[in-house]
Amino acid sequence: MATTELIPCPNFINGEWSTPNVDTFSPVYNPSTGEVISQAPLSTAEIVHEAVEAADAAAYDWWQTPPVERIRILFRYKILLENAFEELALSVTRENGKTLQEARGDVRRGIEVVEYACAITELLKGECLENIARGIDCELQRQPVGICAGICPYNFPALVPMWMYPLAIACGNTFILKPSEKVPLTSVRLIELLQEAGLPKGVLNLVHGGRESVDAILTHPKIKAISFVGSSPIAKYIFEKGTQNGKRVQAAGGAKNFVVIMPDAEILKAVDGMVDSSFGCAGQRCMAGSTAITVGEAAELFLPEMSAVARGIQVGPTDRTPSGQLGALISSEHRERLRTLIDQGQKEGADVVVDGRTVQVPDFPDGFYLGPTILDKVTPDMTVHKDEVFGPVLNVIRADHLDAAINIANACSFGNGCCIYTSSGRTAREFKHRVKAGMIGINVGIPAPMAYFPFSGWDYSFFGDLHIQGREAIYFYTRAKVTTTRWFAQGEGDIWHKD
Ligand code: NAD
């Protein structure tokens with residue numbers, strides 16, 4: 001394997017960039033080539049403490065900075081992000097392996113959160129009611145919660161960090177960002193640009209790390225709120241430990257998303273949507289369409305078309321020309337896990353109708369590739385159905401009618417996304433009403449809500465009350481203060497004229 005010069009991966013604490021003095025580092029790969037491109041420092045609890053002290057020192061002045069001044073920085077930031085758009089997309093594809101087009105989407109959706117945060121003067125406004133009793137008024141204002149922290153997964157190196165800190169700082173909080181140690185480099189660039197936009201020192205601190213730094217965040221008494229995105233077992237752990245330590249926590253976890261295909265669906269449109277949902281970002285999305293439930297004869301209409309398209313997808317590196325349509329997985333270990341799950345599905349009785357296990361990518365033998373894979377006749381008792389797969393693997397389950405399809409989807413412990421393809425409004429309404437998931441699609445692939453709606457996972461896909469994005473995020477990053485006021489008349493000297 002060729003060696004390249006390693007890309008620096010410094011922390012950013014109190015306005016200073018420096019590589020911390022630690023004993024352990026985690027290798028960062030370019031998944032398309034298999035090369036190690038950087039080493040993420042695994043920061044210790046002491047380093048997290050330093051970052052918290054910097055955030056604490058900056059907290060009062062930042063809170064006192066008028067929201068309109070805070071968003072002037074964010075408006076400048078938005079322009080800098082647009083100028084660096086291609087560079088950021090290349091950074092995402094280089095450390096994550098998703099296609100350049102997908103990486104652009106990752107950055108674009110992140111910028112949309114910054115745009116939303118630029119409306120904070122409107123979003124932060126409180127409420128007021130005169131005369132809740134005679135001569136008494138009541139007002140609600142929103143104040144920052146204090147020091148917040150964000151812990152991120154590997155699959156959206158730009159979007160997920162930007163789900164968190166733009167809104168948190170716009171609300172007047174200071175912030176500690178801990179990116180995934182697998183994709184730390186895009187965060188470095190995102191924060192360099194924020195520094196360039198004029199953010200005062202200490203308002204945002206970047207700490208690279210793994211479990212030790214996460215545990216330090218979970219137990220630090222000065223951290224008041226934690227936003228987490230990652231797998232469900234870790235989300236549950238973060239929620240439980242964070243709340244035990246008195247923190248407000250929102251923890252978004254993994255998923256298993258179902259797409260019901262009715263016999264009256266526009267099948268080619270359903271195939272289009274499913275190709276993107278199932279194989280986009282190599283299936284490494286919490287909103288991947290990982291299971292198609294075909295109803296009645298929809299299987300015979302859908303499967304041949306879907307399989308033909310899947311077989312034609314070109315797998316390969318995505319940051320050069322000619323580029324592939326399906327990029328690499330995050331690591332060779334993850335690819336091995338997926339191959340094992342597919343093997344197991346086959347042993348348990350599924351038909352592997354499209355098989356990506358042995359895909360070869362000429363010139364890139366060390367890239368972490370897995371081709372598109374479709375398993376037909378999957379049943380709910382199979383391991384490949386029970387676990388989140390998180391790869392370019394589509395399970396097909398056959399159901400006799402809509403009720404059976406809804407029951408299969410509702411029996412799943414996750415509750416992120418669920419979609420239906422149908423030409424019947426009545427069927428769509430019934431589905432939308434009964435299905436147990438927080439993000440529903442009708443004749444679209446599994447839809448990730450835009451920045452101004454909550455990213456609304458349910459059940460084992462989300463731990464907490466207030467979701468990421470939209471107004472729920474504003475509530476998450478603020479505390480309501482309710483003031484009840486009465487002013488007494490001043491007697492004879494009263495200057496008012498009361499007719
Ligand atoms: P992960 O849970 O392994 O890691 C997420 C973060 O937790 C990382 O920053 C990591 O350093 C930290 N972490 C990992 N193990 C830990 C431990 N034992 N103790 C403390 N901290 C730990 O997730 P991942 O593999 O990076 O990301 C993929 C997962 O994220 C998938 O399950 C995917 O569905 C989920 N995800 C969910 C959403 C959503 O909105 N629901 C969005 C994106 C990704």
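Taking segment 18-66, which residues are touching a helix residue (DSSP H, G or I) at 6+ places or on another chain (Cβ under 8 Å), open to solvent by 20 Å² or more (accessible area, probe 1.4 Å) and in a strand (DSSP E or B)? Tyr29 - this is the single residue of segment 18-66 that is touching a helix residue (DSSP H, G or I) at 6+ places or on another chain (Cβ under 8 Å), open to solvent by 20 Å² or more (accessible area, probe 1.4 Å) and in a strand (DSSP E or B).
Please go through segment 439-454 and pick out each residue that is open to solvent by less than 20 Å² (accessible area, probe 1.4 Å) and under 22 Å from Leu123 (Cβ atoms). Met439, Ala451 - these are the residues of segment 439-454 that are open to solvent by less than 20 Å² (accessible area, probe 1.4 Å) and under 22 Å from Leu123 (Cβ atoms).
Quick one: in segment 203-225, of everything that is closer than 14 Å to Ala168 by Cα and of a type outside the set (A, V, I, L, M), which residue is most open to solvent (accessible area, probe 1.4 Å)? If we take residues in segment 203-225 being closer than 14 Å to Ala168 by Cα and of a type outside the set (A, V, I, L, M), then Lys224 is most open to solvent (accessible area, probe 1.4 Å).
For Thr99, indicate whether it is open to solvent by less than 40 Å² (accessible area, probe 1.4 Å), within 23 Å of Phe156 (Cα to Cα) and among the hydroxyl-bearing types (Ser, Thr, Tyr). Yes.
Would you check if Ala265 is of a type in the set (Gly, Ala, Ser) and more than 12 Å from the ligand (Cβ to nearest atom)? Here the answer is yes, as Ala265 does meet what is asked.
Helices (runs of 4 or more DSSP H) fully within segment 385-499 that include at least 3 residues being within 16 Å of the ligand (Cβ to nearest atom) and over 26 Å from Gln250 (Cβ atoms): none found. For Cys419, state whether it is assigned by TED's automatic domain parsing to the domain that holds Thr318, out of contact with any helix residue (DSSP H, G or I) (no Cβ under 6 Å at 6 or more places or on another chain) and open to solvent by 10 Å² or more (accessible area, probe 1.4 Å). It is false that Cys419 is assigned by TED's automatic domain parsing to the domain that holds Thr318, out of contact with any helix residue (DSSP H, G or I) (no Cβ under 6 Å at 6 or more places or on another chain) and open to solvent by 10 Å² or more (accessible area, probe 1.4 Å). Return the residues of segment 218-276 that are touching a helix residue (DSSP H, G or I) at 6+ places or on another chain (Cβ under 9 Å), within 25 Å of Gly425 (Cβ to Cβ) and small (Gly, Ala, Ser); say none if nothing qualifies. Those that are touching a helix residue (DSSP H, G or I) at 6+ places or on another chain (Cβ under 9 Å), within 25 Å of Gly425 (Cβ to Cβ) and small (Gly, Ala, Ser): Ala265, Ala270. Pairing residues of segment 297-316 that are within 25 Å of Pro362 (Cα to Cα) with residues that are small (Gly, Ala, Ser), at Cβ distances under 6 Å and at least 6 apart in sequence or on separate chains, gives Gln314/Gly324; Val315/Gly324; Val315/Gly371; Gly316/Gly324.
If we keep just the residues of segment 362-412 that are among the hydrophobic types (A, V, I, L, M, F, W, C) and open to solvent by 20 Å² or more (accessible area, probe 1.4 Å), which is modelled with the lowest pLDDT? Checking each candidate, the answer is Phe364. Scanning segment 74-99 for residues that are of a type outside the set (A, V, I, L, M, F, W, C), in contact (Cβ under 8 Å) with a residue 60 or more places away in the chain and out of contact with any Ser or Thr (no Cβ under 6 Å at 6 or more places or on another chain) returns Arg76, Tyr77, Glu87, Arg94, Glu95, Asn96, Lys98.
The values are calculated or read from the model by the stated rules, or taken from the named source; none is laboratory data. Nothing here was measured: the structure is a model prediction, and the numbers come from that model. Positions of Cβ are backbone-derived with ideal geometry, glycine not excepted, and every protein chain shown enters the neighbour counts. Surface accessibility is based on the protein's heavy atoms, side chains included, excluding ligands, DNA and RNA. Shrake-Rupley method; radii C 1.70, N 1.55, O 1.52, S 1.80 Å.
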